[in-house]
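*Asks:* Could you have a look at this structure, given as structure tokens, before my questions?
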């Protein structure tokens with residue numbers, strides 16, 4: 001499982017690229033909110049996120065948090081899920097979604113997978129299984 005720092009780096013990079021592409025500001029509030037989201041293990045509610053940020057002395061309104069999360073959804077960083085009547089959010093970019101790693105002997109080899117390549121792979125698999133894939137994680141396992 002990738003380390004939290006590794007995921008945070010990728011999340012920061014993806015957010016920065018998205019903000020630049022959309023000509024939006026890189027505010028410290030957005031990056032602080034994203035950092036807290038990365039620290040959660042799994043789904044979270046906005047109220048919980050707000051309370052955790054308050055504990056760390058970040059004085060942000062829920063409106064600011066909702067706006068940031070909406071932006072993160074557009075950037076592909078976060079997705080919304082409904083569990084019963086609860087609206088939950090979850091980080092969508094663990095580091096292993098963007099990197100493929102394998103070992104040859106004692107050497108670790110790493111290859112970046114671009115979003116377009118990931119989409120091509122998913123489309124190919126969908127055509128073979130004749131089903132729609134909603135979320136794909138890429139892992140490589142090899143027997144030695």
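*Asks:* Part of a loop (DSSP other than H, G, I, E, B), out of contact with any strand residue (DSSP E or B) (no Cβ under 8 Å at 6 or more places or on another chain) and at pLDDT 90 or above, is that true of residue 60?
*Replies:* On the way: part of a loop (DSSP other than H, G, I, E, B): yes; out of contact with any strand residue (DSSP E or B) (no Cβ under 8 Å at 6 or more places or on another chain): yes; at pLDDT 90 or above: yes.
Criteria met by residue 60.
*Asks:* Read through the list (1) modelled with pLDDT under 70; (2) within 20 Å of the chain's Cα centre (by Cα); (3) more than 23 Å from residue 13 (Cα to Cα), then give the number of the only condition that residue 115 fails.
*Replies:* (3)
*Asks:* Which members of segment 126-139 meet the condition of being surrounded by 11 or more Cβ atoms within 10 Å (Cβ to Cβ) and either touching a strand residue (DSSP E or B) at 6+ places or on another chain (Cβ under 6 Å) or at pLDDT below 80 (or both)? So that I can check it myself, show each step before the final result.
*Replies:* Our first condition is that a residue be surrounded by 11 or more Cβ atoms within 10 Å (Cβ to Cβ); within segment 126-139, this holds for 126, 133, 136, 138.
Across segment 126-139, the qualifying residues are 133, 136, 138.
*Asks:* Sticking with this structure for a sec: Scan segment 1-19 and report the pairs whose first residue is under 16 Å from residue 37 (Cα atoms) and whose second residue is assigned to a helix (DSSP H, G or I) and at pLDDT below 80, with Cβ atoms within less than 7 Å and a gap of 6+ or a chain change.
*Replies:* 2/95; 2/96; 6/95; 7/95; 10/95
*Asks:* I'm checking my understanding of the structure. Among residues of segment 72-92 that are in contact with a strand residue (DSSP E or B) (Cβ under 9 Å, 6 or more places away or on another chain) and in a loop (DSSP other than H, G, I, E, B), which one is modelled with the lowest pLDDT?
*Replies:* If we take residues in segment 72-92 being in contact with a strand residue (DSSP E or B) (Cβ under 9 Å, 6 or more places away or on another chain) and in a loop (DSSP other than H, G, I, E, B), then 92 is modelled with the lowest pLDDT.
*Asks:* Take the residues in segment 48-74 that are touching a residue at least 12 places away in the same chain (Cβ under 8 Å) and over 20 Å from residue 22 (Cβ atoms); name whichever of them is surrounded by the most Cβ atoms within 10 Å (Cβ to Cβ).
*Replies:* 49
*Asks:* OK, next. How many of the residues making up segment 75-95 are closer than 18 Å to residue 19 by Cα and within 8 Å of the chain's Cα centre (by Cα)? Step through it out loud before you land on a result.
*Replies:* Filtering segment 75-95 for residues closer than 18 Å to residue 19 by Cα gives 75-79, 91-93.
Of the ones still in play, those that are also within 8 Å of the chain's Cα centre (by Cα) are 76-78, 91-93.
So the count comes out to 6.
*Asks:* Looking for whichever is over 23 Å from residue 13 (Cβ atoms) and touching a helix residue (DSSP H, G or I) at 6+ places or on another chain (Cβ under 6 Å) here; the options are 62, 57, 86, 81. Which one fits? Break it down stepwise before answering.
*Replies:* Values: 57 fails: touching a helix residue (DSSP H, G or I) at 6+ places or on another chain (Cβ under 6 Å); 86 fails: touching a helix residue (DSSP H, G or I) at 6+ places or on another chain (Cβ under 6 Å); 81 fails: touching a helix residue (DSSP H, G or I) at 6+ places or on another chain (Cβ under 6 Å).
The conditions single out 62.
The values are calculated or read from the model by the stated rules, or taken from the named source; none is laboratory data. Here the structure is a predicted model, which means the values were calculated and not measured. Cβ coordinates were reconstructed from backbone atoms using ideal geometry, including for glycine residues, and neighbour counts include every protein chain displayed.
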